[in-house]
Amino acid sequence: MEYAESYELVFQASAVEDDVVIVRRTERAGAGGYPIFEDESGIVRAEISDQGEVRMVASGGHQAPGMPVSIRPLEV
């Protein structure tokens, strides 16, 4: 299966513009067997399938990550 090396995750924000977070592929896989992607800080993590389905992964205790409203591949 071919995955992009990075994605833009777009989250709806209460401000005028949406929040965009760039995540890059890691060597880890999630519970579904798909690659885990994370931002530079390591706080925003997502398991992204080859069909573009996203499952947000908590990176710490008491975290309840929201779902992105869209996802865009950046590099293949």
Can you tell me which residue within segment 22-48, out of those that are outside any strand (DSSP E or B), under 15 Å from Pro65 (Cα atoms) and touching a residue at least 12 places away in the same chain (Cβ under 8 Å), is least open to solvent (accessible area, probe 1.4 Å)? Gly42
Note on Gln51: of the conditions (1) of a type outside the set (Asp, Glu); (2) loosely packed, with under 12 Cβ neighbours inside 10 Å; (3) not in a loop (DSSP other than H, G, I, E, B), unmet is (3)
Of Glu17, Glu53, the only residue that is more than 14 Å from Leu74 (Cα to Cα), of a type in the set (D, E, K, R) and at pLDDT below 90 is Glu17
For segment 9-18, check the following and say yes or no: at least one residue is of a type in the set (D, E, K, R) and either open to solvent by less than 70 Å² (accessible area, probe 1.4 Å) or under 13 Å from the mean Cα position of the chain (by Cα) (or both). no
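The values are calculated or read from the model by the stated rules, or taken from the named source; none is laboratory data. Since the structure is predicted, the reported quantities are computational estimates derived from the model, not experimental observations. Virtual Cβ from ideal backbone geometry, glycine too; neighbours counted across all protein chains shown. Protein only, heavy atoms only, side chains kept; ligands, DNA and RNA dropped before computing areas. Shrake-Rupley method; radii C 1.70, N 1.55, O 1.52, S 1.80 Å.
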